[in-house]
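What follows is a short report on a single structure.
Every number in this text was worked out from the coordinates using simple rules, so none of it is lab data. Everything numeric in this text was worked out from a predicted model, so none of it was measured. So basically every Cβ, Gly included, is an ideal-geometry build from the backbone, and we count neighbours across all protein chains shown.
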Amino acid sequence: MVRQFSKFPKKSADWLPPSAPLSMRKQVYLPDFTIALIRTPFLPPRYASFYVPLNFNKLDMRDYLQRLYNVDVLAVRSFVEQQNVTRLRPLGKFGYGKLRRPVSKKKMTVEMKQPFVWPENPTDMAPWEKDQFFKAAKYQSALQDEQRPDAPMKANKEEREVFDDEAKKILDGSKPWRPTWQALGLSYDRAGLSAAKGSTSARS
């Protein structure tokens with residue numbers, strides 16, 4: 001069987017090879033930074049504050065809002081927030097870690113032509129899976145604690161709580177105390193054991 005040759009698809013009229021100079025190719029620039037809008041109920045409606053990267057300037061902010069959201073900006077104010085000095089906590093312990101200063105944050109406040117009013121806070125957080133987020137964070141924290149070098153030296157809190165509940169039930173009389181061999185269902189014949197011990201002592 002001879003394979004028939006299929007023609008290559010025709011190229012568009014504006015097609016350019018990868019080796020073409022940049023001035024001839026259409027460039028697509030994707031943002032590689034993160035900008036966070038801050039909820040500021042104390043500001044007038046025509047003002048908004050953002051957390052921006054440290055290398056972000058006022059012209060970048062104005063161009064960003066104009067081209068991406070079609071928001072006209074009248075003025076931009078910026079300042080850098082220096083973070084407080086904190087201490088590292090090796091193995092989660094306080095008092096002897098190294099001092100450090102976290103990376104500073106840059107905040108910009110813009111004045112817009114049109115007012116912007118924040119929407120009301122949602123009361124139902126189920127669409128955003130808020131409970132699942134906190135459960136996952138708690139699980140990750142517990143998993144990290146189990147993998148710490150000093151984890152075997154710490155007592156199991158769940159077992160201690162179970163023992164505490166069982167002891168309270170025995171003290172208030174709601175649960176009778178039983179020896180371990182009875183709790184495990186091992187019905188030893190104590191009379192037979194005592195008779196066996198007496199026979200062995202008589203033989204000796």
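Output the 0 to 90 degree angle, nearest 10, between the alpha-carbon long axis of helix 130-146 and the longest principal axis computed from the alpha carbons of the chain. For helix 130-146, the angle is close to 60 degrees.
Per-residue ellipticity at 222 nm computed for the chain from its helices equals -9500 deg cm²/dmol, with DSSP H segments shorter than 4 residues left out and the rest contributing -39,500 (n - 2.57). Taking the square roots of 5 times each eigenvalue of the Cα gyration tensor of segment 79-126, largest first, gives ellipsoid semi-axes of 37, 21, 6 Å. Report, to the nearest 10°, how far helix 58-69 tilts away from the longest principal axis of the Cα atoms in the chain, using its own Cα long axis and a range of 0 to 90°. The angle comes out near 90 degrees. Coordinate range of the alpha-carbon atoms in the chain per principal axis, descending: 112, 79, 41 Å. Loop-located trypsin sites (Lys or Arg not before Pro) across segment 74-172 with a Cβ neighbour count of 15 or fewer within 10 Å are 93, 98, 113, 154, with loop assigned by DSSP. What angle, in degrees between 0 and 90 and rounded to the nearest 10, separates the Cα long axis of helix 157-171 from the longest principal axis of the Cα atoms of the chain? Roughly 40 degrees between the two axes.
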